[in-house]
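Comments concern the structure below.
Rule-based calculations on the coordinates, nothing more; no lab input. Treat the numbers as computed from the prediction; the structure is a model and nothing was measured. Note that each Cβ is placed from the backbone with ideal geometry, even for glycine, and that neighbours are counted across all protein chains shown.
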Amino acid sequence: MTDTSTPSGGAPHDGLRHAIAGVSVADLAARHGTPLYVYDAECIRRRCRDLTRPRGDDAWDTVRFAQKACSNLAVLDLVRREGVMVDAVSTGEIRRALAAGYAPHAGRRGGDGLPPAHPIVYTADIFDRPSLDEVARHGIHVNCGSADMLEQLAERMPGAEVTLRVNPGFGHGHSQKTNTGGEGSKHGIWHESIPDVMRRAEAAGLMVTGLHMHIGSGTDLAHLAEVAGTLERVARDIGRSLDTVSAGGGLPVPYRPGEVHADLGGYVALWNATRRRLEEAFGHRIRLEIEPGRYLTAESGYLVTEVRAVKMQGSRKYLLVDAGFNTLARPVMYGAYHPMTLCPGPGSPSAARSREEVAVGGPLCESGDIFTQTDGGFVATRDLPSARVGDLLVIEIAGAYGFVMASNYNSKPLPAEVLVDGGRDRLVRARQTPEDLFRGETV
Ligand SMILES: *Cc1c(COP(=O)(O)O)cnc(C)c1O
């Protein structure tokens, strides 16, 4: 099932990109330097509206952004203005949500009989001590992935409402590392232990109002749909206190040429039917949530790099750019594929170029620092317009799990982030300086 009515963030066919959301790539690089993350605000809004707008009779009541995918404050502010709530997996992410203008907890019940949506939910399998303090200080709603969290929470927030994250016994992701269900996953409360855990929650004086599952990231809708059946069964084990169910995240995004967007209409219809049956069984309304990360921001993001060396290693040609796996880790972590385009540098001919097969790597002192690698770390090549030093290489669909996974490895500063909106670019995170690298260190 496909939905071709939704334009994908597909790269231009000739492999050349001169602008991002109407702003010249060369100007972006000149103004802000490289490597540089650039986000297209309108693309994020479009993805939010794909999910916040009803499809016929079917609608998600709450779209909750899993901010770990792209947690810049400007992006959080943008999705908040689209009516999207937010998920936080750490103290730092709670702070980000508050700084971006989210209220710590829900207001009063609306006239529609639905329970109010929690603006921020803390979802984790543990409380580290600072996160427990932060949750208690602000009254943040918690989604518990381990039963031990119940007593820890009850001690600090007696009588609190909680959500349980259930491991349905199976999972699926684009990579084994992003599979978050089944015996091979540390996440969530095992589905068969829910009756025991309900007794623990009751003994601790907590009220279980939410049920949540998230089986993995970058899976497909067939796997995601399997969750609905298990969730419905577990919901009946929990019983009438339940007022919110969350389908989790994991919505896929087309990265490779020829891939298309999944049929989200069929997906929301399936979950809506599950919700209706539970409302029938419990005699009250149930809020239906979805919790995407990747889907909302992946296609909005571009990593702009500069080609700094072009060389032959035997018969293979390498382009070396000024970004590495310190800047974008998905290829080295998962063998992930990102489309790439070229923007001719200043003084470089911008007319049609011949094409060639090249491997693309970065500056790090580690042979795994290759953007064109397959799962298992094998170096592959990409068919790109021929490049020379000074050209800009744009790594596309990099708006999810991009900047947020960047590191200071090899003492490289974190890159800058820019948001393009209405034809204007705005720096939303300054590039780190060399001094930032050793702040707090002493000799
Ligand atoms: C990572 C995560 C998500 C988002 O996953 P995507 O594949 O980016 O949609 C949603 N919920 C939880 C609990 C997560 O950990």
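Structure notes:
- One decimal place: the segment Lys177-Arg49 gains 43.1 nm when fully extended, by the rule 0.36 nm per residue minus the C-alpha distance.
- Distance in nm between pseudo-label sites at Asp436 and Arg424 (7 Å out along the Cβ direction from Cα): 2.3 nm
- Counting other Cβ atoms within 10 Å as a rough exposure proxy, the listed residues Thr442, Thr209 run Thr442, Thr209 from fewest neighbours to most.
- The residue among His212, Ile140, Val253 whose Cα reaches farthest toward the positive pole of the charge dipole of region 121-259, with charges on the beta-carbon of Lys, Arg, Asp and Glu, is Val253.
- Exposure proxy ranking for Tyr255, Tyr122, based on other Cβ atoms within 10 angstrom of each Cβ and starting from the fewest, stands as Tyr255, Tyr122.
- Computed over the Cα atoms of region 360-405, pair by distinct pair, the Kirkwood hydrodynamic radius stands at 12.5 angstrom.
- For region 80-136, taking Cα atoms only, Rg and Dmax work out to 12.4, 38 Å respectively.
- For region 143-279, the Cα gyration tensor yields ellipsoid semi-axes of 29, 17, 12 Å (square root of five times each eigenvalue, largest first, whole Å).
- Extension gain, Ala19 to Gln313: 0.36 nm times the residue separation minus the Cα-Cα distance gives 102.6 nm.
- Along its first, second and third principal axes, ordered by size, the chain spans 69, 58, 41 Å in Cα coordinates.
- Nonlocal Lys pairs with alpha-carbon distance under 22 Å, the chain (8 or more apart, or different chains): 4
- Low-density loop positions, trypsin sites (Lys or Arg not before Pro), region 366-443 - DSSP coil, at most 13 other Cβ in 10 Å: Arg439
- Angle between the chain longest axis and helix 129-138 axis [Cα atoms, degrees, rounded to 10]: 70 degrees
- For Cys48, Cys70, order by how many other beta-carbon atoms lie within 10 Å, fewest first: Cys48, Cys70
- The separation of region 308-351 from region 223-256, counted between C-alpha centres, amounts to 39 Å.
- Dmax and Rg, reported as Rg then Dmax, of region 21-127 (C-alpha, Å): 16.5, 53
- Distance distribution P(r), region 296-384, all Cα-Cα pairs, bin width 10 angstrom from 0: 15, 50, 29, 5, 0 percent.
- The stretch between Arg256 and Ser367 holds 37.5 nm of extra length on full extension. This uses 0.36 nm per residue minus the Cα-Cα distance.
- Using alpha-carbon coordinates, inclination of helix 41-52 to the longest axis of the chain, degrees: 30 degrees
- Scaling against 2.2 N^0.38 Å puts the C-alpha radius of gyration of region 357-443 at 1.34.
- Inverse mean reciprocal Cα-Cα distance (Kirkwood Rh) of region 122-212, Å: 13.4 Å
- Estimated [θ] at 222 nm from DSSP helical runs (n ≥ 4, -39500 (n - 2.57)) normalised by residues in the chain, nearest 500: -7500 deg cm²/dmol
- Helix 221-238 vs. the chain, principal-axis angle (Cα, 0 to 90°, nearest 10): 20 degrees
- Rg(Cα)/(2.2 N^0.38 Å) for region 290-443, N = residue count: 1.09
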